[in-house]
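Note sheet for the following structure.
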Amino acid sequence: AGPHTTIVSGGARGADIITAEEGFALGARIVLCLALPPDEFERRSVDLAGTDWDRRFRHLLAVAEVRRLSDEVDDVPAGDEVFTRANEWMLDIVQRLDPHPYVLIVWDGKTADGTVAVTCDPSGSRGSDVTTVCALTAPSQ
């Protein structure tokens, strides 16, 4: 990462926030793509009692280019499906920036809502278009 790098992040606690913070520290452009309005997203995907994820998220809101799914996509689903649609939207954004992007996938291997498994699996339909830098997964239990 550096001044000629763009990091597109979903903004959730964990790898999304850490990657965006580290990229920003190295001078990368950060595009924060939120599945929900910032307050609701923070409540559902960032807040965790006893941690500083909320503070770190708000800092990213202040320094990143923030985009909202509902501002750019007509077919925003309800419920947890919004996160699947947001991942697809982010991949579309990434591929408009670079037709052969490098992708960092950090995933716990669980498919509770299907978000990462469906949209970011390098063996899936978009696999030929992306280069997976590192896919960190924990085995499902």
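Bear in mind that the values in this text are calculations on the coordinates, not laboratory data. All values reported here derive from a predicted model rather than from experimental measurement. Here Cβ is always computed from backbone atoms with ideal geometry, including for glycine, and neighbour counts include all displayed protein chains.
Take ARG56 and ARG44, extend 7 Å from each Cα along the Cα→Cβ direction, and tell me the distance between the two endpoints in nm.
Modelled inter-label distance: 2.2 nm.
Amide H neighbours of LEU34 under 5 Å, at least 5 residues apart or on other chains, H built in the peptide plane: list them.
ARG67, ARG68, LEU69
If packing is taken as the mean number of other Cβ atoms within 10 Å per residue, what is the order of 16-29, 68-81, highest first? Mind dumping the intermediate values first?
Numbers: 16-29: 16.8, 68-81: 12.2.
In descending order of packing, they fall as 16-29, 68-81.
In terms of the Cα gyration tensor, with a ≥ b ≥ c the square roots of its eigenvalues, is region 1-70 rounded because a/c is under 1.5, prolate because a/b exceeds b/c, or oblate? Each step should come with its number before you reach the end.
Values: a/c = 2.35, a/b = 1.42, b/c = 1.66.
It comes out oblate by the Cα gyration axes.
For the residue pair GLU65 and THR6, what label-to-label distance in nm results when each label sits 7 Å from Cα along the Cα-to-beta-carbon direction?
For the pair GLU65/THR6, the computed spacing is 0.5 nm.
For the residue pair ASP98 and ILE18, what label-to-label distance in nm results when each label sits 7 Å from Cα along the Cα-to-beta-carbon direction?
2.1 nm
From a point 7 Å beyond the Cα of LEU26 in the direction of its Cβ, which residues of region 1-17 have a backbone N at a distance under 15 Å?
Zone members listed by number: 1-9, 16-17.
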